[in-house]
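Chemist: Submitted below is the structure of interest, expressed as structure tokens.
The values are calculated or read from the model by the stated rules, or taken from the named source; none is laboratory data. These figures come from a predicted structure and were not determined experimentally. Cβ placement follows ideal geometry from the backbone for every residue including glycine, while neighbour counts extend to all protein chains displayed. Each accessible area value is taken on the protein alone, full model and side chains, heavy atoms only, with ligands, DNA and RNA left out. Shrake-Rupley method; radii C 1.70, N 1.55, O 1.52, S 1.80 Å.
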Amino acid sequence: MKLSLFDDLLQDGLLTEEQLLECRDEERTSGMALDKVLRQKGYVTESSLLGVLARRLRLPYMEELGEIDVPGVFIANVPPQFARTYNLVAVGETPTGIQVATCDPLDIHPMDDLATMVGMLIEPVVAPRAEITALVNRAFQRSSADVDELLEGLEDDEILGIVAEIEEAEDVLDIANRAPIIKLLNTIMFEALKIRASDIHLQPYSDRLQVRYRIDGILYDSKVIPKKVQDALISRVKVMGKMDIAERRLPQDGRTSVKIGDGDVDVRISSVPTSAGERIVFRLLDKSARLYRLNEIGLNEKNHTVVRDLISSAHGILLVTGPTGSGKTTTLYASLAEMDSEEKNIITIEDPIEYNLDAISQIQVSAKKGLTFAQGLRSLMRQDPDVMMVGEIRDQETAAIAVQASNTGHLVFSTLHTNDSAGAVTRMIDLGVEPYLVSSSLIGVIAQRLVRVICARCKESYDPTDGELSSLGYTRDQLPHGHLFRGRGCDTCLGRGLYDRTAIYEILTVNETIRDQVIARTSASVIKQVAVESGHLTTLRMDGASKVIQGVTTIDEVFRVTQMDVF
């Protein structure tokens, strides 16, 4: 059967004879299964292998299990650790038994054991390992025994002796036959990745260690870890991040890379000492995350046209502003992705590099090596660039070099931390750039915020009150649907009624009127007022209100991230 499977891979062009012979040699020397050798070397993806395997065995192939509800008979009779170890989960019931998803249908012994546990016939279906693990976690996460089972067999006197060295990139799906603390941490990290968390917090209290996930900008409490394993879990985190295990009195930073199936995720780790123990925060950067285009990030038709015009400029500075986590880098990357990198020399200097862009040279800032934004930007000027992206303008030196670059025929993209678009103009002057240089170099400012989107699975309409409508600046007659929308709350959105995020924008284009005001050192509020009254500027609150009446987001979300327009 396995030879037939690999013949299929050869016939489908997914594998070459040379690759197969190389992997067979390694199979003989290492004792590892041939299919695992192929995946480890990256010659065949899991989805390709499972697709061919399902076809050969005449079994259904389910690529996604996100909408599946696990039958109660499985949850009641199968220990979570058995399901995790053998990657098995029930995905449906049949008249005579249950359907069970597996990523290794050739291993029949766990299936036999499972049939005995549930007392029913098993009908196998094939699914990716990451999808099975996610469904197992979701099925058992409401069980209070989940953490206890992961820590099963861990004696008090063993707690501090189980932190082993790890491989270069830990596979968070690999929890079978691992030490209990490693199982627990891998499960925490995998769960975070599958629910789209951007950060994991391990927050110590006097009686417990609380796991919290930041999803779409909001923190949610999750697992509660017993206090007695807190030190061991944090030590394990430090080993992963190549940090000093013995140092508990000073803050530390570390980084590592973990695998999830065929994908890699960069993890930045920060620890700080608190009165209840060390507090850990992970920042997760998924290297396989797709790059968004300009038409996918929330720009309406008018703003989309304005941004395209701005990035088509021959020279000048385009600034994107907003607080940390407002999607500024995503907007910059989407802008760069619109450009023709074959005709233009595009170079970026970033901290950190969050996405890898084809045909674009990207430089990582390194303060330890003396490579700052200012130093890097000065070096870029000698690389004959057409377009430069600077991760952030933080000081007078960086601002001055950016202005110089724009005035010598380069297009420069960068970010600033200001509350609105007009505030970026005065911020440049505050950094020490002369007003006449700001007015001649700045072509536009994009201010943005992220708002959560109404969950498509539980979206429902409702009649707003007159007060809600007046706060948006609309009347009932102006509602395109006659009503507004909100999320009822479901398992997909964790009962919040909101799932995923989009951006709202305030785009200021610098015209002659704005230039005159910049040279006259006019305040940001006056610049903003003039731009709004002339019809050239839609504020963040206005753009958010339009997304509310279109049914994209809710009133509360827009009010959470914007301020009232006062002129």
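Results for (1) touching a Gly at 6+ places or on another chain (Cβ under 8 Å); (2) without any contact (Cβ under 8 Å) to a residue 40 or more places away in the chain; (3) of a type in the set (A, V, I, L, M); (4) outside any helix (DSSP H, G or I), shown as yes or no for each residue.
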| position | (1), (2), (3), (4) |
| --- | --- |
| LYS228 | no, no, no, no |
| ILE245 | no, no, yes, yes |
| ARG248 | no, yes, no, yes |
| ARG255 | yes, yes, no, yes |
| VAL258 | no, no, yes, yes |
| ASP266 | no, no, no, yes |
| PRO273 | no, yes, no, yes |
| ILE280 | no, no, yes, yes |
| ARG283 | no, no, no, yes |
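Chemist: When you look at ILE347, is it of a type in the set (Val, Ile, Thr), within 28 Å of the chain's Cα centre (by Cα) and in a loop (DSSP other than H, G, I, E, B), yes or no?
Modeler: So ILE347 fails the test.
Chemist: Another one. Mind listing whichever residues of the stretch 350-377 are under 18 Å from LEU291 (Cα atoms) and assigned to a loop (DSSP other than H, G, I, E, B)?
Modeler: ASP351, PRO352, ILE353, GLU354, TYR355, ASN356, LEU357, ASP358, ALA359, ILE360
Chemist: What is the residue count in the stretch 183-207 for residues that are of a type in the set (Asp, Glu) and more than 15 Å from ASP231 (Cβ to Cβ)?
Modeler: Total meeting the criteria: 2.
Chemist: Same structure, new question: In the stretch 64-82, what count of residues is obtained for those that are out of contact with any helix residue (DSSP H, G or I) (no Cβ under 7 Å at 6 or more places or on another chain), open to solvent by 60 Å² or more (accessible area, probe 1.4 Å) and in a loop (DSSP other than H, G, I, E, B)?
Modeler: 2
Chemist: How do the strands (runs of 3 or more DSSP E) wholly within the stretch 378-462 filter down when requiring 2 or more residues that are under 29 Å from ASP216 (Cα atoms) and over 27 Å from the mean Cα position of the chain (by Cα): which remain?
Modeler: 459-462
Chemist: Count, please, the residues in the stretch 287-321 that happen to be aromatic (Phe, Trp, Tyr) and at pLDDT 95 or above.
Modeler: 0
Chemist: If I filter the stretch 297-307 for residues that are open to solvent by 20 Å² or more (accessible area, probe 1.4 Å), under 23 Å from SER198 (Cα atoms) and under 16 Å from the mean Cα position of the chain (by Cα), do I get at least one hit?
Modeler: no
Chemist: Quick check on my filter: what residues within the stretch 318-328 are in a strand (DSSP E or B) and in contact with a His (Cβ under 9 Å, 6 or more places away or on another chain)?
Modeler: THR321 - this is the single residue of the stretch 318-328 that is in a strand (DSSP E or B) and in contact with a His (Cβ under 9 Å, 6 or more places away or on another chain).
Chemist: Still on this structure, please answer the following. Out of all the residues in the stretch 1-36, which are touching a Lys or Arg at 6+ places or on another chain (Cβ under 8 Å), modelled with pLDDT under 75 and surrounded by 12 or more Cβ atoms within 10 Å (Cβ to Cβ)?
Modeler: Matches in the stretch 1-36: LEU5, ASP8, LEU34, ASP35.
Chemist: Oh, and also: Are there any pairs, at least 6 apart or on different chains, whose C-beta atoms fall under 8 Å, with the first in the stretch 478-507 and within 15 Å of GLY544 (Cα to Cα) and the second among the basic types (Lys, Arg), and if so, which?
Modeler: PHE485/LYS459; ARG486/LYS459; ARG501/ARG452; THR502/LYS547; ALA503/ARG449; ILE504/ARG449; ILE504/LYS547
Chemist: From the set of residues in the stretch 509-521 that are part of a loop (DSSP other than H, G, I, E, B) and under 10 Å from VAL425 (Cα atoms), which is least open to solvent (accessible area, probe 1.4 Å)?
Modeler: VAL510
Chemist: While we're here: Take the stretch 103-138 and flag every residue that is more than 22 Å from the chain's Cα centre (by Cα), in contact (Cβ under 8 Å) with a residue 60 or more places away in the chain and open to solvent by 20 Å² or more (accessible area, probe 1.4 Å).
Modeler: Selection gives LEU106, PRO124.
Chemist: Could you list all residues from the stretch 89-101 that are surrounded by 15 or more Cβ atoms within 10 Å (Cβ to Cβ) and closer than 19 Å to GLU67 by Cβ?
Modeler: Correct list: VAL89, ALA90, VAL91, GLY92, GLU93, ILE98, GLN99, VAL100, ALA101.
Chemist: Could you check, for the stretch 92-102, whether at least one of its residues is touching a residue at least 40 places away in the same chain (Cβ under 8 Å) and closer than 21 Å to LYS194 by Cα?
Modeler: The answer is no, given that none of the residues of the stretch 92-102 is touching a residue at least 40 places away in the same chain (Cβ under 8 Å) and closer than 21 Å to LYS194 by Cα.
Chemist: How many of the residues in the stretch 56-85 are touching a residue at least 60 places away in the same chain (Cβ under 8 Å) and of a type outside the set (D, E, K, R)?
Modeler: 15
Chemist: Related question: Kindly list the number of the only condition in (1) open to solvent by less than 10 Å² (accessible area, probe 1.4 Å); (2) of a type in the set (Val, Ile, Thr); (3) at pLDDT below 90 that fails for THR492.
Modeler: (1)
Chemist: Going through the stretch 468-495 one residue at a time, which ones are assigned to a strand (DSSP E or B), farther than 28 Å from THR330 by Cα and of a type in the set (Phe, Trp, Tyr)?
Modeler: Correct list: empty.
Chemist: Which condition number in (1) of a type outside the set (A, V, I, L, M); (2) touching a Ser or Thr at 6+ places or on another chain (Cβ under 9 Å); (3) more than 26 Å from VAL267 (Cβ to Cβ) is the one that THR348 fails?
Modeler: (3)
Chemist: Additional query: Whether any residue in the stretch 496-508 is within 30 Å of TYR436 (Cα to Cα), assigned to a loop (DSSP other than H, G, I, E, B) and open to solvent by 70 Å² or more (accessible area, probe 1.4 Å) is what I want to check.
Modeler: no
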